[in-house]
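A short write-up of the structure that comes next.
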Amino acid sequence: MVTALQPGLDAGSLAIRHPCLMFVHCLARPSWTCCLKPLAHQLPPGSRRQQFGRHAAAGLGVACLLAARTAASIRSHGATCRRPSRRRPLRLRMGSHRTEIGAVQSTDAESHQMKEAEQLLSELFGHKSWRCEQQAVVKAVLQKQDVLVNWSTGAGKSLCYRLPAVLSWRRRKGVTVVVEPLISLMRDQVVNFNKLCISSDSPKATFLGSGQLDASMDRRALEGEFCLVYVTPEKLTEGLLLALEQLYKSGRLELIVMDEAACISLWGHDFRPSFRNMWWAREQYPRVPFMALSASMTKDMRRDISEQLSLRDPLVSTLPYFRANLDIICTHKEGFAKDLVRIAQSVKLGEPMIVYTPMPSTAAKVARKLESLLQDQGVQVGVYTGATGKDERERVQSAFDSGEVQVLVATVAFGMGIDKPDIRKIIHYGLPKCMEDYHHQIGRAGRDGLPLVVLFYLTIQMRSFGSASGLRRGTRIGTRMT
């Protein structure tokens, strides 16, 4: 059935019940229509495939342009490794939602470990059952197997290393090292984990780096005082690896985790080369298993990441990007003033919302306009970009998390690792740089499982692109998949 139009949207707007990432397969096709039949077979069981008809091809414009940018970026940087592989090529399955698991010998000790894990899942983390393929991944980690996890945002990736970390801490004071790309992300992860472990004898987490104000924290972490130690790739130098030697020799260095592992391919080639030096840790501590986590890894990126981390016959778990609670809406721009009025009209009191723009200057302009339009409603608007000062960014993020700021206007600088479950709407006022950015940004919303809306305003370039592909005002561009 055709979805109902959202309030404040024109007749040319229509929601689609699937994320645009599924259209990356259309990139190499001369005609979008010819790809609809094989694409429909990739939809989850129960989807109304017969509804995915001729008119849906027009809606591929947004996704294909983003996919083109992503592909161009990969071609320009390449996914080749600076260190040649010394192992046979890793065979990864693209698009599968099943975990690739080799023959696993189950023993009584392993069964006992999994019973402990299930008990911990309920008692500490508050979950009645495993989500997605968490159980298989946790089991592999407990068996000292390398793991590569490619799940969408909000699927529960963090639990896959947190739970084994707590188990190993209870058994032998084991330490898990987690590599994160951002200091703010490390800080949030530490705060969230320590909220779970409130008793004095509970395992604790800490982070090391320039944002750490406690001068004794490095020493305490290296002595094994913390269950989880978060570091940036720049901090994980050869010096720190040597300092972890004592924990390794005593059998207490349990796991090394690369969170947001897509950064190895996306950032490691230019301004964050430390991301491509992670092989140091593997060579220094060959008996320690590795885990790589990301919400957006292409097939080439998975190969690149596996090579850079020297993963050994890893368990590879991939899940579809489909989210049942997601509606994506494409609409034409009508001019800055009219667009902002429509955005302001869509704001509902008490429902957090993020407006993404490609440039800091655009974000500031949008925020000023929204402030003037929403001031009578008592809705506060915040701005978060790379040009925003550090203290102001922390203040705005804290205000958004607490609900003081309801509408946040941001660039790509805001989003990675943000865990606010009740964001109800994401608006893109301009085209993201690549599909990975787009996927991360829409993944910020609806993490509580409730319905959410993603609204995409077509830019001038996209308008001509859409016209050439049949995407015109009043054209049906998709259907709600039920």
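No value in this document is a laboratory result; all are computed from the given coordinates. As the structure is a computational prediction, the values presented were derived from the model and not from experiment. Positions of Cβ are backbone-derived with ideal geometry, glycine not excepted, and every protein chain shown enters the neighbour counts.
Taking loop as defined by DSSP and a crowding limit of 14 other beta carbons within 10 Å, which GluC sites (Glu not before Pro) in the range 105-180 fit?
When the GluC sites (Glu not before Pro) of the range 105-180 are filtered for loop state and at most 14 Cβ neighbours within 10 Å, nothing remains.
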Once the dipole of the range 115-270 is set up with Lys and Arg at +1 and Asp and Glu at -1 on Cβ about the Cα centre, which of 265, 192, 240 lies farthest towards its positive end? 192
Taking the Cβ-Cβ separation of residue 399 and residue 450 as r and a Förster radius of 22 Å, what is the calculated FRET efficiency to the nearest 0.05? 0.50
The range 326-458: C-alpha gyration tensor shape, a/c 1.5 cut-off, then a/b vs b/c: rounded
What trypsin sites (Lys or Arg not before Pro) does the range 363-459 have in DSSP loop regions with at most 15 other beta carbons within 10 Å? 433
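Specify whether the C-alpha gyration tensor of the range 114-318 places it in the rounded, prolate or oblate class, a ≥ b ≥ c being the square roots of the eigenvalues: rounded for a/c under 1.5, otherwise prolate if a/b is larger than b/c and oblate if not.
rounded
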Can you spot the aspartates and glutamates whose alpha carbon is less than 20 Å from residue 115's alpha carbon? Ignore those fewer than 8 places along the same chain. 123, 133, 254
Loop sites in the range 279-326: trypsin sites (Lys or Arg not before Pro), DSSP, at most 13 other Cβ within 10 Å: 287
Would you list, by chain and number, the lysines whose Cα falls below 27 Å from the Cα of residue 333, excluding same-chain residues fewer than 8 positions away? 348, 365, 369, 425, 433
